[in-house]
Each structure stands twice: as structure tokens, then as C-alpha cells.
Amino acid sequence: MNTSTHDDTAAISARGLYKAFGEKVVLDGIDLTVRQGTVLALLGPNGAGKTTAVHLLTTYLRPDAGEIRIAGRDAVKEAQAVRRAIGVTGQFSAVDGYLTGRENLMLMADLHLLPKRVGRRTAEELLERFELGEAGDKPASTYSGGMKRKLDLAMTLVGDPKVIFLDEPTTGLDPRSRRTMWDIIRGLVAAGTTLLLTTQYLEEADQLADRVAVLDGGRIVAEGTPAELKARIPGGHIELSFADRAQLEAAARVLGPAGGRDDEGLTLQLPGDARVSTLWPLLQRLNDASVEVEALAVHTPDLDDVFFALTGRKGA
């Protein structure tokens, strides 16, 4: 089991994290580090241990072995201090549908023991920040899915947490609501908040995460920036488009049989990437042969390709 030391500059640090339920090992000695003011996306197939990892990091469960430090505090020995420093938005909304949006926020302010005046001011600020001001006095049961998720996150922010755990925060949202949530998350990070994110949407991880960790079989099987992970996967190609069949034929003669040819779409595909050292010689050969390229596109592997290559499954 890994016995490396904690990074004292990290907002979230886990070393040798191990958890089993009976004979089933869910986490088998994982290490995680999230620096202050950054986002780590934790990806993995269903049953990989993502939610268990979040439960351990947020003190809901205790690890069987390993150490966790959150905002500089030991998550086992100083659990109460850790709970005061974090916010958690789970897969299922914590919103009380019988209460109005404002009342939900005031309830959270009471739970955080904020003075009434401070609680009211905080609730008003959060309603405006999340564009819920007009709906603030309506029962939360009347809110759309996107509004409920925004209110859920607003409730998490009542205690001004330095570290936030988002467990699939946009599940079930339409594309517009999801992008609104992304903008809110970006704003939190820009203000210095640290986030650990689990998500079913690999595009979400690509958009938001500074680093991505892929969990499979209870172990971290890969970690890096989205660009670093995608660079590990072969399969990038260059697609050349032509105005007519004659130009396509001429390009095929110059470039040879490598790659794919689409006579209907008037395109050629060749293995390659976006580096100048790759593109320039290719275009020079076509130019020397007086072949005109109408358009060029470079297709690189995405996180879905990475996920499939590492876990043998598509999607999170």
C-alpha cells in the first residue's frame, strides 16, 4: 500500500485509501491530491468506487486504512473541523420541496448557526447570484430540475466552504441548465474554491477539470490533465475536404492509400495530429502537386476514448 506523504499545499489529500464491505474491496489503496483553487474530476464506471471515495473524503464513512487531509485537517481525527470546511452536493437534491427557495436557504443558515440578520443577507445574495430571486418565495417543489440543482448548490454555499464535493451535480439536467451550472462552477473556482467532481458526462470533466483521475476496480488507473490523458490514446486523424472528385482523386494519388476515403463526402482521412511538423509537410506535398484543399480538420481522441481504452467501457 502507498505510504507517500501528504502534500501540505493541497486542499484535498488522500494516501493509501482502502475500504472494503465484507469481502468486497471497493477502494484498494488509492492516492488523490487536489490543489487549492482547482478541480479534480473523478471518473469511473458504475461500481468503481467513486461515491464511496466521496463518502470517505467527506467523513460520512471511515476508511479501513489510509489517511485523509482536507483543508489541512485530518478527516478522521478532526472530522468536525473538516465538516465545517466543506460543502457537499450529492446525486440527489437536499432541497425540501415544501419550503420556498428562501426558506431552504434560511434553514441552512440556521444549521450553520448564523445570526438571523446574516442568514437573511446570505440567502438574498445567493438567490440573486443563482438567478433565483423571482422564485425565492415559491415552493421548491414547483422548481424545474435546473432550478433545484442551482438551489441545492446555493444551499451548499451558505457555510462559505473552502472545499466542495460535487457528486454528479448535473445528472438529469437539460443541456442549457448543465451549461449554466458549469458557469457557476467556473465562478466558484475563479474565486479560489477547490472542487472534487464526479460526473457521468465526460464532456463535463473535459470542460471543468484541471486534472482527471480514472478509477476502475478500486484503483486509480490513470491521472493527468485532460490533454495529457487524451495524448496517451492513439487514433487522431486529419480530415481533408475537396471541392470535387477530380481534386479528391489527385490527392489520393499524391498521398497514397493510407487512411480512409469517402467518395460521397469528398474527404480523405490520414493518421496524424495538429502539430505543425505533421501538417506542413502534408500540405506542402499537395501544394507541389497543385491539389487544392477546400478544408482541413484535425480530430483528436476525447475523454470518452480515454475512458474506453482504460476501462473497456464507454461513458462513465
Legend entry - Where residue 80 falls short, out of the listed (1) farther than 16 Å from residue 164 by Cβ; (2) under 26 Å from the mean Cα position of the chain (by Cα); (3) polar (S, T, N, Q); (4) surrounded by fewer than 20 Cβ atoms within 10 Å (Cβ to Cβ): (2)
Legend entry - So residue 75, is it in contact with a helix residue (DSSP H, G or I) (Cβ under 6 Å, 6 or more places away or on another chain) and assigned by TED's automatic domain parsing to the domain that holds residue 161: yes
Inset, instruction - Sort out for me the strands (runs of 3 or more DSSP E) sitting completely within region 222-316 that have 2 or more residues that are free of Cβ contacts under 8 Å to residues at least 40 places away in the same chain and on the phi < 0 side of the Ramachandran plot. - result: 260-262, 267-271
Legend entry - Matching residues in region 255-274 - criterion: being over 16 Å from residue 291 (Cα atoms) and of a type in the set (Gly, Ala, Ser): 258, 259, 260, 265, 272, 274
Inset, instruction - State all residues of region 124-166 that are small (Gly, Ala, Ser), within 30 Å of residue 9 (Cβ to Cβ) and not in a helix (DSSP H, G or I); if no residue qualifies, say none. - result: 159
Inset, instruction - Please give the strands (runs of 3 or more DSSP E) falling wholly within region 9-86 in which 2 or more residues are more than 25 Å from residue 306 (Cα to Cα). - result: 10-21, 65-70
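The values are calculated or read from the model by the stated rules, or taken from the named source; none is laboratory data. Here the structure is a predicted model, which is why all the values come from computation and not from measurement. Every residue, glycine among them, receives a Cβ derived from its backbone with ideal geometry; neighbour counts consider all protein chains shown.
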